[in-house]
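Novice: Attaching a single structure in structure tokens format; questions to follow.
The values are calculated or read from the model by the stated rules, or taken from the named source; none is laboratory data. Here the structure is a predicted model, which is why all the values come from computation and not from measurement. Every residue, glycine among them, receives a Cβ derived from its backbone with ideal geometry; neighbour counts consider all protein chains shown.
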């Protein structure tokens, strides 16, 4: 993302260690950014396609922003599934 301009995107698939009962709430943040100081800093970080087994971690930039590297961190908060859980389906 150091060269070029316009919309650019990188995404990474994240798989949770444990399965959630329902899709959790995922909070994403930047823990490191190395960007060219001669251009505007334009970036967006987000979780997309969140489901109970994982999600896509997404970084976007646009315009003339020049990005050398970023590091993103995330936390998922939700109810975990348990082996002892059971469900009664209506007959």
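Novice: Which of the residues belonging to region 53-77 are modelled with pLDDT of 95 or more and part of a loop (DSSP other than H, G, I, E, B)?
Specialist: Correct list: 53 only.
Novice: Here's a check for you: in region 61-84, which residue that is surrounded by fewer than 17 Cβ atoms within 10 Å (Cβ to Cβ) and within 15 Å of residue 30 (Cα to Cα) is farthest from the chain's Cα centre (by Cα)?
Specialist: 68
Novice: List every residue pair whose Cβ atoms lie under 7 Å apart, where the two residues are 6 or more positions apart in sequence or sit on different chains, the first residue falls within region 21-48 and is at positive phi and in a loop (DSSP other than H, G, I, E, B), and the second residue, located anywhere, is at pLDDT below 95 and surrounded by 11 or more Cβ atoms within 10 Å (Cβ to Cβ).
Specialist: Correct list of pairs: empty, since none qualify.
Novice: To continue, here is another question. In region 18-60, which residues are over 16 Å from the mean Cα position of the chain (by Cα) and under 18 Å from residue 8 (Cβ atoms)?
Specialist: Those that are over 16 Å from the mean Cα position of the chain (by Cα) and under 18 Å from residue 8 (Cβ atoms): 34, 35, 36, 38, 39, 40, 41, 42.
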